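Asker: Shown below is the structure under consideration.
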Amino acid sequence: MLEGWVIVAASFAYIGVLFAVAWFADRRAAEGRSIIRNAWVYSLSLAVYATAWTFYGSVGRAATDGVGFLPIYLGPTLMMLLGWFVIRKMVRIVRLNRITSLADFLASRYGKSALVGALVTVIAVIGILPYISLQLKAVSTSFQILLGYPEIVMPPRAGTLVAMQDTAFYVALLMALFAIVFGTRSLDAAERHEGLVAAIAFESIVKLVAFLALGVFVAYGMYDGLGDVFARAAQRPDLDVLMAPLEGAAGSYATWVWLTVLSMIAIVLLPRQFQMAVIENTDERHLRRAAWLFPLYMLAINAFVLPIAFGGLLHFPEGNVDADTFVLTLPMTQKVEWLALLVFVGGLSAATGMVIVETIALSTMVCNDLVMPVLLRIRALRLTERRDLSSLVLDIRRAAILALLLGGYCYYLLAGEAYALVSIGLISFAAVAQFAPAIIGGLYWRGGTRAGALAGLSAGFAVWTYTLLLPAFAKSDWVGAELIEHGPWGIGLLRPTELFGLSGLDQITHAMIWSMIANVGAYVAASLARRQSAAEHVQATLFVDVFQQTGEPGSSWRAATSAAALQALVGRFLGPARAAEIFAAHARGRGVKSVDELEGDRDLVRFAELQLAGSIGSASARTMVATVAQEEPLGLEEVMTIIDEASQVIAHSHRLEEKSRALEAATQELKAANERLKELDRLKDDFISTVTHELRTPLTSIRAFSEILHDNPDLDPAERQRFLGLVIKESERLTRLINQVLDLAKIESGLAEWLTAEIDVREIVLEAINATSPIFRSRGVQVQTLAAESVPPVVADRDRLLQVLLNLLSNAAKFCTPGKGRVQVRLAVAGDRIRVDVEDNGVGISPENQALIFEKFRQVGDTMTEKPSGTGLGLAICRRIVGHFGGRLWVESEPGRGSVFSFELPAAAAGRLVANA
Amino acid sequence: MRKPSLRAYRIIALFLLGCLLFNYPFLALFNVGATAAGVPVLYVYLFSAWGFVIAAAAVLVEGGG
């Protein structure tokens with residue numbers, strides 16, 4: 001059955017089905033019923049990662065290394081876990097800035113630099129071309145082997161074939177056709193290809209089904225289950241080492257780690273992966289599903305790699321069959337033709353998927369970041385004046401796809417046989433890894449500059465070329481082997497595979513270590529060496545803080561132009577009809593009726609630039625927009641002005657804050673003063689009403705007794721005498737009250753006369769005790785005096801001071817329980833002050849009343865039920881007197897345990913100053 | 001998203017766990033000739049650890065909350 005025409009027909013039929021799937025998806029997309037807006041399709045499309053390299057090469061590697069192939073798939077598993085953070089950030093940036101490729105991404109990040117874009121493109125093309133040729137080689141080899149059926153014959157070397165007879169050549173052309181049809185049919189602002197994505201998802205299913213079918217066949221058809229395969233292999237000494245291959249056949253743990261890191265980078269930064277994961281992403285939430293579904297896909301497609309590898313090694317013990325072809329040769333030896341054909345189609349799908357997406361992604365880069373910027377800068381071509389450039393852009397892309405595929409084919413013819421499949425793939429991975437520092441720095445470090453990116457990429461790429469590409473060329477005899485063995489000019493330290501004497505590592509680990517040191521080092525050093533320009537800073541912020549932005553990014557365009565001019569410009573790349581449509585929609589969105597009413601302000605310029613960026617890349621779009629809108633990027637001076645203005649504003653606001661604080665404080669003070677005034681006013685009213693009340697009480701009794709005496713002339717003499725005595729007593733009280741009020745008023749108004757002299761406090765204390773002894777005796781209160789023998793004189797008014805002491809003593813007598821009272825008077829010197837205490841064991845004063853008793857007319861106790869036993873002015877006057885002589889009067893008391901009234905006066909030397917003041 | 005959610009921390013923790021599982025010294029523990037049900041323990045370990053990480057990721061990202 002497996003004749004040549006059958007295989008060819010199957011291949012064409014398969015590619016025909018691909019066209020159909022893609023066409024169907026495109027049609028559905030045009031109808032608005034997309035089939036790719038689906039997390040499952042998205043996850044499957046990521047499986048473009050599994051190329052012919054996975055399909056054929058994993059088994060080949062497993063046959064020599066055991067589990068050594070696995071890090072290439074474990075790395076992506078880990079990376080997809082971080083996808084929600086890292087890839088989602090890229091997706092957001094790409095959508096907001098209409099980025100079309102990896103090169104565009106880096107160019108846009110580093111100040112829309114055409115140079116960065118071009119450098120990235122060159123690295124990507126040089127790095128990926130061998131990878132493409134690897135796919136062509138796989139297709140060609142598998143075709144040749146299948147053609148030999150039923151014999152198992154290894155194909156001859158590629159170089160011996162003539163291109164016209166080689167299937168790989170025709171396969172390459174077919175792939176180019178597919179890529180051109182579905183990748184460059186029209187210029188789309190979002191640069192998405194629904195048909196392409198659908199076809200890739202379909203291919204992922206085909207290759208998985210084919211590989212699983214083969215795995216089940218080998219493990220359970222040819223052998224008796226997985227255990228049987230391994231058990232038989234373990235009996236062969238040469239295979240037994242593969243059971244525990246680490247630190248042996250599979251290389252060191254360092255190799256393992258580096259392969260994991262390399263594949264973590266590759267899963268995002270391979271141009272085809274970036275295209276599928278980031279550019280073609282229709283919904284950020286799809287990343288959630290992909291975080292486990294895509295790793296699961298890789299687990300499934302790798303599950304049978306080891307059984308197939310061991311099965312092949314057991315089946316072909318002579319080693320005359322290349323392990324890379326076990327996948328195909330095993331079903332052939334068992335004469336299972338349909339499975340052999342299915343495997344061939346699976347391998348074909350793995351290869352076509354990779355090649356198609358990779359060439360489309362690379363062609364976008366070549367066109368937007370390499371060719372167009374150059375063409376637009378060549379004034380002689382007058383491209384900027386052409387009316388419709390869209391067909392030119394598409395033609396460049398088509399040509400780029402064709403050139404890439406033919407380039408890959410040529411590379412395959414010239415060098416394809418030198419390495420096993422896996423080695424070629426890893427060299428490409430290492431090339432792509434050179435983007436990682438610039439990308440990661442670009443995403444998370446605002447300080448990364450254009451110069452840093454250029455330096456890092458150049459340094460990394462140079463080391464990659466020297467340590468990986470050069471040895472690869474040597475194996476193809478393009479450069480002398482002695483260069484690799486002895487180093488250039490015989491300098492051993494410069495040997496490309498053992499640079500600076502670093503030996504004992506495999507080539508990839510060795511190259512990664514040196515290239516990453518060079519790359520990261522140059523990136524960081526150059527970024528830190530010079531200040532970044534304003535445009536770079538704007539872009540850096542757009543990228544790093546993308547999640548803090550709402551809506552579309554701001555614009556650095558400041559000059560105005562007309563809407564018509566912008567529409568004409570966009571029309572030249574997207575076609576006039578499409579441009580009119582876009583602008584009309586934009587006008588509606590802005591709430592105006594037609595495009596003519598749109599103002600050519602900076603927002604419109606930015607809008608036009610974004611539309612162009614979607615089709616020709618950000619760097620070229622900038623150049624084009626600059627032709628109609630005069631660009632005035634922020635210069636350093638303007639930035640400084642802005643910063644200056646900002647700091648002035650900050651200073652102003654600081655001052656404002658201070659002033660408002662001061663105002664608030666002033667308001668508080670005013671409020672307090674107002675309160676105080678109100679309080680004083682209230683106190684004055686209280687004082688007057690209290691005074692009148694206090695005056696009325698004795699007056700009322702005097703009047704009442706006088707009326708009784710007047711109306712009853714025949715009153716009993718004894719009774720009359722008693723009433724007269726009361727009248728006299730009340731009059732005395734009235735006089736005392738009036739005297740005290742006047743006294744207080746005089747003191748308060750400062751009109752009181754003070755007869756100040758140096759006086760001996762001890763003498764006054766003793767005199768006061770003498771004067772009050774009748775009261776104490778009458779109430780049965782004991783008085784004790786503890787007076788220092790001599791105290792320094794104080795400057796005071798003798799009578800006033802006596803008044804204070806008499807008041808304190810009579811109060812003490814008054815509040816002591818009759819018969820049990822004890823009063824102690826102490827006189828002491830405390831530093832430069834004389835202190836007098838009058839302590840009683842009376843009722844005491846509650847803490848809340850201790851301050852009140854010094855106020856006017858405040859008497860402790862219920863004035864409604866108890867007859868006041870004083871005027872309520874005594875202590876107020878005492879405090880003022882003591883205060884007048886620079887001393888103070890206070891009370892310490894506990895209810896029920898008595899009180900201590902104390903006052904201090906400065907001794908004469910200190911007191912004189914106050915008295916004279 | 002400015003303040004990472006608990007789920008975000010869990011995913012990062014799973015990532016770190018994966019880094020640990022797929023690395024020295026765990027690999028060295030299983031890099032011995034022994035077999036489990038006829039299959040070398042290193043292969044059993046790698047695929048089950050891999051499966052575990054995938055399953056945990058599925059539970060984490062698809063689960064509610």
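Asker: How crowded by other chains is A:13-19, given as the mean number of beta carbons from other chains within 10 Å of each beta carbon? Provide the component values of the computation, followed by the final result.
Answerer: Numbers: counts 0, 0, 0, 0, 0, 0, 0.
That average works out to 0.
Asker: OK, next. Provide the packing ranking of A:668-680, A:531-543, i.e. peptides ordered by the mean count of other C-beta atoms within 10 Å per residue, highest first.
Answerer: Those peptides, ordered most packed to least, come out A:531-543, A:668-680.
Asker: In degrees from 0 to 90, rounded to the nearest 10, what is the angle of the helix A:114-147 Cα long axis to the longest principal axis of chain A?
Answerer: Tilt relative to chain A: about 40 degrees.
Asker: Give me the angle, in degrees from 0 to 90, between the Cα long axis of helix A:421-433 and the longest principal axis of the Cα atoms of chain A, rounded to the nearest 10.
Answerer: 40 degrees
Asker: Considering every residue in B:35-42, what mean count of other chain Cβ atoms within 10 Å of its Cβ is obtained? Working shown, then result.
Answerer: On the way: counts 5, 1, 4, 10, 9, 11, 2, 9.
That works out to 6 on average.
Asker: Relative contact order for the stretch A:435-553 using alpha-carbon pairs under 8 Å, separation at least 6, rounded to a whole percent? Before the final figure, lay out each step's value.
Answerer: On the way: 138 pairs, mean separation 47.3, N = 119.
Relative contact order for the stretch A:435-553 comes out at 40 percent.
Asker: List, in order, the whole-Hz ³J(HN,Hα) value for each residue of the stretch A:498-515 obtained from phi through the Karplus relation with A = 6.51, B = -1.76, C = 1.60 and θ = phi - 60°; use x for Gly and Pro.
Answerer: Ordered by residue, 3J(HN,Hα) equals 9, 4, 6, x, 6, 10, x, 10, 6, 4, 5, 4, 4, 5, 5, 4, 5, 5 Hz.
Asker: With r as the distance between the Cβ atoms of A:Ile378 and A:Glu597 and R0 = 51 Å, compute the FRET efficiency 1/(1 + (r/R0)^6) and round to 0.05.
Answerer: For A:Glu597 and A:Ile378, the calculated efficiency is 0.85.
Asker: Which length gain, in nm to one decimal place, applies between A:Val829 and A:Ala672 when the Cα-Cα distance is subtracted from 0.36 nm times their residue separation?
Answerer: 52.6 nm is the gain from fully extending A:Val829 to A:Ala672.
Asker: Taking Cα pairs under 8 Å and at least six residues apart, what relative contact order does chain A come out at, in percent?
Answerer: The value is 14 percent.
Asker: Evaluate E = 1/(1 + (r/R0)^6) for A:Arg37 and A:Gln850, where r is the Cβ-Cβ distance and R0 equals 56 Å; express this FRET efficiency to the nearest 0.05.
Answerer: 0.10
Asker: Would you pull out the residues with amide H under 5 Å of A:Gly225's amide H, same chain only if 5 or more places away, H placed 1.01 Å from N?
Answerer: A:Tyr220
Asker: Nearest 10 degrees is fine. How inclined is helix A:534-544 to the longest principal axis of chain A, computing both from alpha carbons?
Answerer: Between helix and principal axis, roughly 90 degrees.
Asker: Rounded to the nearest 5, what is the percent of antiparallel bridges among the DSSP beta bridges in the protein assembly as shown?
Answerer: Details: 30 of 36 bridges.
Once the DSSP bridges in the protein assembly as shown are tallied, antiparallel ones form about 85 percent.
Asker: Right, next: Calculate the length of the line joining the C-alpha centroid of the stretch A:120-137 to that of the stretch A:52-100, in whole Å.
Answerer: 17 Å
Asker: Partner chain Cβ atoms within 10 Å, averaged over the residues of A:288-296 - can you pull that number for me?
Answerer: 5
Asker: Using Cβ counts within 10 Å as a stand-in for footprinting exposure, how do A:Ile517, A:Ile769 rank, fewest first?
Answerer: A:Ile517, A:Ile769
Asker: Mind ordering A:522-528, A:171-177, A:889-895, B:33-39 by average Cβ neighbours within 10 Å, highest first? If you can, show how the numbers build up before the last one.
Answerer: Values: A:522-528: 19.6, A:171-177: 21.6, A:889-895: 16.0, B:33-39: 14.0.
In descending order of packing, they fall as A:171-177, A:522-528, A:889-895, B:33-39.
Asker: May I pose another question? Compute the distance from the alpha-carbon center of the stretch A:207-238 to that of the stretch A:247-299, in whole Å.
Answerer: 26 Å
Asker: Given H placed 1.01 Å from N in the peptide plane, which residues other than close sequence neighbours of A:Thr785 have an amide H under 5 Å from its amide H?
Answerer: Here A:Val825 satisfy the definition.
Asker: Quick one: Karplus J couplings for the stretch A:8-15, per residue in order, coefficients 6.51, -1.76, 1.60, θ = phi - 60°, nearest Hz, x for Gly and Pro?
Answerer: Listing the rounded values in order: 4, 4, 4, 4, 5, 4, 5, 5 Hz.
Asker: Please give, to one decimal in nm, the separation of the simple spin-label points placed at B:Glu62 and A:Leu147, each 7 Å out from Cα toward the Cβ.
Answerer: Calculated label separation equals 4.5 nm.
Asker: About its Cα centre, what dipole magnitude does the stretch A:753-916 give when the only charges are +1 on Lys and Arg Cβ and -1 on Asp and Glu Cβ, stated in debye to the nearest 20?
Answerer: Value, rounded to 20: 300 debye.
Asker: Let's test the formula: R0 of 30 Å, r as the Cβ-Cβ distance of A:Gln721 and A:Thr692. What FRET efficiency results, to the nearest 0.05?
Answerer: Efficiency at R0 = 30 Å is approximately 0.45.
Asker: A further question follows. For a 21 Å ceiling on Cα separation, which of these pairs sit above it: A:Lys746/A:Lys856; A:Lys678/A:Lys856; A:Lys137/A:Lys475; A:Lys814/A:Lys856; A:Lys746/A:Lys814?
Answerer: Exceeds cut-off: A:Lys746/A:Lys814.
Asker: Pull up the cross-link candidates among the lysines for A:Lys671, meaning alpha carbon to alpha carbon under 22 Å and not fewer than 8 places away within one chain.
Answerer: Filter leaves A:Lys659, A:Lys684.
Asker: What is the spin-label model distance, in nm, from A:Leu96 to A:Leu683 if the labels are put 7 Å beyond Cα along the C-beta direction?
Answerer: So the two model labels end up 6.6 nm from each other.
Asker: With the Cα gyration tensor of the protein assembly as shown in hand, give its eigenvalues times 5 under a square root as the equivalent ellipsoid semi-axes, listed largest first in whole angstrom.
Answerer: That gives 103, 37, 27 Å for the three semi-axes.
Asker: Please report the relative contact order for the stretch A:556-628, taking Cα pairs under 8 Å with a sequence separation of at least 6, and give it as a percent rounded to a whole number. Don't jump to the answer; show the numbers that get you there.
Answerer: Numbers: 79 pairs, mean separation 28.4, N = 73.
39 percent.
Asker: Which distance in nm do the two modelled labels at B:Leu29 and A:His654 give, with both placed 7 Å along the Cα-to-Cβ direction?
Answerer: 5.8 nm
Readers should treat all values here as calculations from the given coordinates under stated rules, not as data from a laboratory. Only a predicted model underlies this, so the values are computations on that prediction, with no experimental measurement involved. With ideal geometry, Cβ positions are generated from the backbone for all residues, glycine too; neighbour counts draw on all protein chains shown.
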